[in-house]
1. Calculate the tail of P(r) for the range A:51-111: the fraction of all Cα-Cα distances greater than 15 Å, expressed in %.
2. Need one word for the range A:1-56: rounded, prolate or oblate. Basis is the Cα gyration tensor (sqrt eigenvalues a ≥ b ≥ c); a/c below 1.5 gives rounded, then a/b vs b/c decides.
3. Report Rg(Cα)/(2.2 N^0.38 Å) for the range B:71-135, keeping two decimals.
4. How large is the helix-only mean residue ellipticity at 222 nm for the protein assembly as shown, computed as the sum of -39500 (n - 2.57) over DSSP H runs with n ≥ 4, divided by its residue count, in deg cm²/dmol to the nearest 500?
5. Measuring from the lowest to the highest alpha carbon on each principal axis, how far does chain A reach, largest first, in angstroms?
6. Other chains near B:67-75: what is the mean number of their Cβ atoms within 10 Å of each residue's Cβ?
7. Taking Rh as the Kirkwood radius computed over C-alpha pairs, what is the Stokes-Einstein D of the protein assembly as shown at 4 °C in a medium of viscosity 1.567 mPa s, expressed in µm² per second?
8. In vacuum, with every alpha carbon of the range B:10-95 counted as one equal point scatterer, what does the Debye formula give for log10 I(q)/I(0) at q = 0.19, 0.24, 0.25, 0.26 Å⁻¹? Two decimals, please.
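Just so you know, all these numbers are worked out from the coordinates, no wet-lab data involved. These numbers come from a predicted model, not from an experiment. Please note: Cβ atoms are built from the backbone with ideal geometry, for glycine as well, and neighbour counts cover all protein chains shown.
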């Protein structure tokens with residue numbers, strides 16, 4: 001699965017995700033990637049989110065929208081919302097994976113609870129950061 | 001200038017920590033850097049976030065190292081069945097596709113759903129028909145083939161098992177991590 005989130009100079013957020021799914025999947029199984037709110041979500045009032053991992057759990061936990069809701073309704077920061085959803089809620093569901101998210105200030109969060117995460121981010125006037133979290 | 005920023009993920013890779021060689025790591029980082037730079041360039045030029053995320057994802061789809069577009073994993077039937085979505089935070093418009101075959105860039109098709117339809121989510125043959133109507137590029141099965149993905153599929157194709165991008169090695173537990 002791959003994805004991107006961005007904030008532009010006009011203050012607009014966007015998110016995109018794409019995947020080939022799971023090896024040996026059957027019965028036209030889909031995961032969270034194409035499910036708006038589960039694997040992908042963007043709202044200028046809060047954040048943009050793109051997810052990766054075990055899609056069934058992300059669907060059940062409505063992960064991407066949940067991050068946005070925590071910011072909107074509980075006043076969480078992006079980091080707080082992401083940590084809560086990925087490291088607490090998703091773990092309780094038994095789901096492995098992670099997400100990338102960005103808020104209206106340009107802050108970036110890259111939480112995950114499993115290995116092999118390939119990530120990169122760049123803010124204006126800062127150097128790019130690319131890392132593989134093994 | 002107002003703030004702008006971009007983040008990308010190459011998902012959860014196929015390679016377990018013990019099998020990541022320096023050359024592979026270099027290739028992954030180059031692909032990630034290229035995708036990040038493409039999105040960043042759009043933003044730095046005053047472009048839209050929606051265009052930036054689409055461009056970054058398209059480049060990752062075009063790279064066989066990642067499980068999307070070219071290099072997508074194999075289904076039980078030995079095919080490549082793909083999903084994608086995109087959402088605009090300003091308008092809350094969204095486009096998504098599921099279960100499509102042979103689409104070169106599924107995220108481009110998702111974007112076309114925003115632009116050219118009143119719908120959000122198209123799937124299967126109907127989505128492919130929509131793609132043809134809007135001149136979205138198709139590629140033959142061979143385009144999506146990757147030897148590593150094929151070997152992964154061979155290991156499990158005669159079973160009911162399925163594998164995530166990131167495989168936790170069952171005996172060692174390697175791959176399990178919190179961060």
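1. 41
2. prolate
3. Rg over 2.2 N^0.38 Å, computed on Cα atoms: 1.10.
4. -9500 deg cm²/dmol
5. Answer, in whole Å and largest first: 44, 32, 24 Å.
6. 6
7. This corresponds to a translational diffusion coefficient of 70 µm²/s.
8. Debye curve over Cα of the range B:10-95, log10 I(q)/I(0) at q = 0.19, 0.24, 0.25, 0.26 Å⁻¹: -0.95, -1.18, -1.22, -1.25.
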